[in-house]
Structure formats: structure tokens, C-alpha cells
Amino acid sequence: MKWSATGIRFTSDSGILRLMDDLGRALSGPEKKYMLGGGNPALIPEVAEIWRAQMRALLEDESRFDGVVGRYDTPQGRPAFLQAVAGMLNREYDWHLTEENVAVTNGSQSAFFMLFNLLAGSDDAGLSRRILFPLMPEYIGYRDQAIRPGDFVSCEPEIEQIDNHMHKYHVDFDSLEIGPDIAAICVSRPTNPTGNVLTNEEIARLDRMAQDRQIPLIIDNAYGAPFPDIIFTDTRPTWNENIVLTMSLSKIGLPSLRTGILVACPEIVQAVGAMNAIVSLANGAVGQALTERLFETGEILTLSREVIQPFYRGRCEHALGCVRSSFAERFPWSVHRPEGSLFLWLWFPGLPGTTTQLYERLKERDVIVVPGRYFAFGRNETWKHTDECIRVNYAMDELDVEHGIAVIAEEVARMWSR
Ligand SMILES: Cc1ncc(COP(=O)(O)O)c(C=O)c1O
């Protein structure tokens with residue numbers, strides 16, 4: 001096939017494609033697999049029952065059902081859903097939103113594709129502009145999204161060592177340069193893969209820098225407050241007209257309904273709506289229809305606070321306990337302070353070999369993790385640090401997580417004893 005430059009960009013050796021393929025193949029054998037690798041949320045029985053009940057109610061209301069599945073939605077999203085989301089956020093945070101500030105996308109993943117490519121690239125004056133990720137490691141799903149290679153730039157963090165076995169990344173503001181070539185700043189908060197939550201001061205400073213340069217600050221709130229609220233620090237989300245806050249129904253247990261929600265100034269909302277129309281005509285409406293009432297009543301908040309957050313907090317503490325007891329003092333290790341999301345980010349300082357080798361060893365033993373190097377992008381040099389790190393998803397069955405972490409400990413100890 002004779003691909004275009006864009007075709008080549010999206011088909012050749014994308015890190016995420018290779019990894020997803022490998023993960024899929026690793027899972028396909030007959031043996032039981034310990035899947036600590038992907039980004040799937042947990043199936044929480046109490047939450048799953050709510051979605052089943054909402055689906056039953058939708059099916060029973062025939063005219064509503066026919067409207068939801070039988071008509072194209074507007075490219076910006078279902079008006080009633082946009083109003084319900086704006087209303088809920090106004091009641092919670094007093095942001096004075098209208099439906100002009102809210103857009104729906106087919107998953108928040110596609111919102112990033114649209115935002116990055118709406119903003120980065122050559123502008124009409126011929127200046128090449130890029131997206132700045134001020135705090136690596138970052139979400140693997142961003143890494144191959146720029147239509148033009150080279151449109152991403154990123155910064156290494158400052159590492160605060162909290163104690164022998166725990167650290168936290170901070171934005172290194174001394175090295176952060178925001179020149180005229182920067183089109184937008186983007187962070188995930190809570191961060192996938194590290195579980196970091198950028199501090200309020202960091203966000204305030206990034207917000208000021210973005211406003212000074214008149215560029216948007218994109219905050220990916222896929223795990224944050226007020227839903228799914230998989231965040232263990234006392235943090236309120238921030239929004240103003242210069243911030244693009246993205247949210248998702250995926251981590252409240254509806255990943256296959258592909259519903260992303262974006263809160264931004266009307267200009268960005270309209271641009272995303274326009275691009276949505278070109279790329280996919282309209283959004284899937286089922287996720288919006290299933291959750292609309294929960295946004296209207298505020299039930300989405302209590303569900304997140306009282307069920308989803310405690311569930312993941314428990315899973316996180318359990319996984320951390322497994323790490324502490326399995327790793328003990330067998331080799332050097334440090335975990336990023338888990339402040340939110342579904343992941344532990346484990347660092348093995350001085351590991352003889354790389355975590356890509358560790359990944360292969362673990363795969364042989366049916367334990368699947370993600371090696372750290374995929375979470376560093378927007379840079380030319382390799383960064384040894386990420387070759388000493390792995391991401392572990394702790395949302396899965398507790399016994400599986402316990403077994404997986406015990407195997408990780410054995411394999412890391414073996415790498416050290418060679
Ligand atoms: C930080 C982050 N942002 C965005 C997404 C995309 O989520 P979705 O497209 O399912 O809304 C994910 C998925 O795992 C994520 O972890």
C-alpha cells in the first residue's frame with residue numbers, strides 16, 4: 001500500500017499499537033493470565049447493577065429508547081445531557097457553565113486527538129507549534145496522537161524522595177520554557193501511569209503561565225473529581241475559560257460506551273463539535289442517556305464518593321501492602337505515592353537490565369505489566385529512569401494482584417542476582 005505521510009505516521013511502529021498487540025497476544029493463550037497491564041477499570045458489582053437498572057429503564061421507555069438509538073445526535077452532544085453536566089458542575093463548583101461550555105466526544109481519547117491536532121502543527125503564519133507535557137511520565141495514549149511527528153515536547157520531573165520506598169514527581173518549573181512555539185500545555189491529573197496528583201500550586205502556576213501566553217491548559221480529569229473520584233488527596237478540580245477540562249464515563253464502569261466530556265470556552269467547544277461532525281458525524285448516545293438522570297440528581301457524585309472511590313482506595317492499599325511485603329528489602333525499589341488513578345508506578349533504581357526485559361520475563365510467567373519507557377515521549381533522548389519503572393494496574397482481582405506482585409518481586413530479585 002502506498003500510504004500518505006499521515007498514513008505512515010499512524011501505521012508504522014506506533015508504540016501503543018505494538019504494545020496493545022503484544023498484550024492481546026499475551027492474553028490469548030490457554031493459561032491463566034495475571035493482567036496487571038491494561039487500563040481497564042474494575043467491575044464493581046454495586047455500580048454494574050446501577051448501569052443494568054438504567055439500561056432496563058431505557059428499554060422499557062420505548063419512545064425514549066427509539067430516540068436514543070434511532071437518531072443521530074448533534075455533534076456537540078445531546079442537549080439534555082450537556083445541560084445536566086453543566087448543571088451538576090455548577091452546583092458542585094459554581095463555575096457558571098452553560099451548555100455552550102460542554103462537548104461530548106466518542107471517548108475522551110478522541111477529544112485529545114482533536115484538541116492536539118486543532119492546536120499543534122503549522123499555524124497560518126507558518127510557525128510550527130507544539131503541545132507541551134510539563135511532567136513526564138505521562139499517559140501512553142497521548143504519545144502517538146500528533147498527526148505530525150515532533151509536535152510534542154515534554155519535560156522530566158523533579159523527583160522528591162519521600163522515604164526509602166516512596167517518591168513523588170513534581171513539575172520542574174526551573175527547566176520549563178514556554179516559548180512562542182507552544183500551542184497548549186497538557187497534564188493528566190490524577191496522572192496515568194504514576195498515580196500522581198499535581199498539587200494545587202503546580203496547577204495554579206501552570207494556569208498562570210498558560211494565561212500569560214494565551215494558550216490553553218488541558219487537564220485530563222479521567223480519574224478525578226467529581227466523578228469517578230478515584231483520587232485520594234483533598235483536591236478540587238480547577239476550571240476557568242482558559243482551561244480545557246476533560247472527563248470520561250469510562251472509569252465509572254462504562255468504557256465501552258465511549259463517552260468523553262469536555263468543558264471549555266465556547267470557541268473550543270464549537271471547534272471540537274465541528275471536528276466531531278467531520279470525523280464521526282455524531283457521538284454514541286447510549287452513555288449519555290444512561291447517565292443523564294444521575295447527573296441531574298447528583299447521584300453520580302454520591303456513587304463516585306461513596307462506592308467507586310472507597311473501592312479503589314481499598315484496592316490501592318491492598319496492592320501497596322503486597323508490594324511492601326513481597327519486595328521488603330530484597331532489592332532497591334520505590335513506588336510513586338499513589339494519590340489517584342488505578343495504577344502503582346514502581347521504580348527499581350539501578351536495576352541490572354531494563355524493565356522491557358523484566359516485562360518479557362513476567363510475560364513468560366503469565367504476569368502482564370507495562371514497561372515504563374512507553375510513558376516517556378516528546379523528547380529525543382532516551383531516559384534511563386523510565387527503563388527502571390513499570391506500571392501495575394491494581395483494579396483487578398485482589399488475589400491476582402497479590403500473585404502478580406509476588407512474581408514481580410521474584411523476577412526483579414533474579415535480575416539482581418545474575
Ligand atoms: C489519563 C487518561 N486519559 C484518557 C483516557 C481515555 O479514556 P476514554 O477514551 O475511555 O475516555 C484514559 C484511558 O485509560 C486515561 O487513562
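Summary of the geometry: region 245-282 and region 60-74, compared by the centres of their Cα atoms, lie 19 Å apart.
Each of A125 and D94 was given a label point 7 Å from its Cα along the Cα-to-Cβ line. The distance between the two points is 3.9 nm.
Close amide-amide hydrogen proximity is noted between I131 and F152, V153, A183, each under 5 Å apart and 5 or more residues distant or on a separate chain (H modeled in the peptide plane; Pro and chain starts excluded). The residues E202, E339, when put in order of fewest to most other Cβ atoms within 10 Å, stand as E202, E339. Here the Karplus curve 6.51 cos²θ - 1.76 cosθ + 1.60, taken at θ = phi - 60°, turns the phi angles of region 242-254 into couplings of 8, 9, 9, 9, 10, 9, 8, 8, 5, 8, 8, x, 10 Hz, with x standing for Gly and Pro. Centre-to-centre, using Cα atoms only, region 145-188 and region 336-366 are separated by 21 Å.
Nearest 5 percent is fine: what portion of the DSSP beta bridges confined to the chain is antiparallel?
Of the beta bridges lying entirely in the chain, close to 60 percent run antiparallel.
Would you mind classifying region 73-297 by shape? Square roots of the alpha carbon gyration tensor eigenvalues, ordered a ≥ b ≥ c; an a/c under 1.5 is rounded, otherwise it is prolate if a/b is larger than b/c and oblate if not. Taking the square roots of the gyration eigenvalues as a ≥ b ≥ c, region 73-297 is oblate.
Other residues within the sphere of radius under 10 Å centred on the Cβ of L36, judged by their own Cβ, net out at +1 (K and R +1, D and E -1). Summing +1 for each Lys or Arg and -1 for each Asp or Glu among the other residues whose beta-carbon sits under 9 angstrom from that of S128 gives 0. One decimal place: the segment I162-Y72 gains 27.2 nm when fully extended, by the rule 0.36 nm per residue minus the C-alpha distance. Treating r as the C-beta distance of R64 and R324 and R0 as 35 Å, the FRET efficiency rounds to 0.10. Listed by chain and number, the aspartates and glutamates whose C-alpha is less than 12 Å from the C-alpha of K33, apart from same-chain residues fewer than 8 away, are E364, D366, D397, D400. In the chain, helical runs assigned H by DSSP with n ≥ 4 each contribute -39500 (n - 2.57); averaged across all residues and rounded to the nearest 500, the mean residue ellipticity at 222 nm is -12500 deg cm²/dmol.
Taking a ≥ b ≥ c as the square roots of the eigenvalues of the Cα gyration tensor, region 124-179 is oblate, since a/c reaches 1.5 or more and a/b is not larger than b/c.
Electrostatic bookkeeping for N242 treats Lys and Arg as +1 and Asp and Glu as -1; over the other residues with beta carbon under 13 Å from its beta carbon, the sum is -2.
Every number here is computed from the coordinates shown, using simple stated rules; none is lab data. All values derive from a computational prediction rather than experimental measurement. FYI the Cβ positions are ideal-geometry reconstructions off the backbone, even for glycines, and counts take in every protein chain you see.
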